[in-house]
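Coordinate-derived values only; no laboratory data. Bear in mind the structure is a predicted one, so any value in this text is a computation, not a measurement.
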Amino acid sequence: MKNHLRYFKWPQNAHSPRQGTAIALVTVIVFAGLYYWLTESLSKERIKLQTTVTALRAQAAGLEQQAVEFERLGTAPAASTPTGEVAALVQAHAASAGLSRASLRIDSSDKNHVKLVIAGVAFTDWLNMAISLQSMQIRLEECRIEAMSTPGLVSISATFSRAALR
């Protein structure tokens, strides 16, 4: 290996001392600029990541609350679906909602389907009854609502159904 080094000679005076100082100064300036650029880039990215982490923590807290609610709902007893004909349930809810004083007709094709025709009822009373029936697993399949000449009163033709009990 020594034989190879004797053919290569590092130039002793390749640069003057003034050029060496200039090269050293330029090198220090370049490295200082690179260091400054790197630290600024990292600082900006750190700020972005902090805001992202904050948002993700809030999202995780929300998901944890939803998981607790899901577990609570999973352990809660299932809502009981009332038995009996849908027509009788609709009739009872219509009476309790105060719709019986309006012109009311209920036609039942079977025990799980009913057609309701009602005239001269307040829309809010109708809406409350429909929501109450929905909470009992009786769904509104079809509905036609027409405004009457008296403000706030409507005429309704609706079909309710319940999935057949197993």
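Shape analysis of the range 28-75 based on the Cα gyration tensor places the equivalent ellipsoid semi-axes at 46, 6, 4 Å, largest first. Pair-distance distribution of the range 106-166: all C-alpha pairs, bin width 5 Å, starting at 0; shares per bin in whole percent are 4, 18, 27, 24, 15, 7, 3, 1, 0. Relative to one another, the C-alpha centroids of the range 17-65 and the range 106-132 are positioned 67 Å apart. Note on K48: aspartates and glutamates with a C-alpha under 14 Å away, same-chain residues under 8 apart excluded, are E40.
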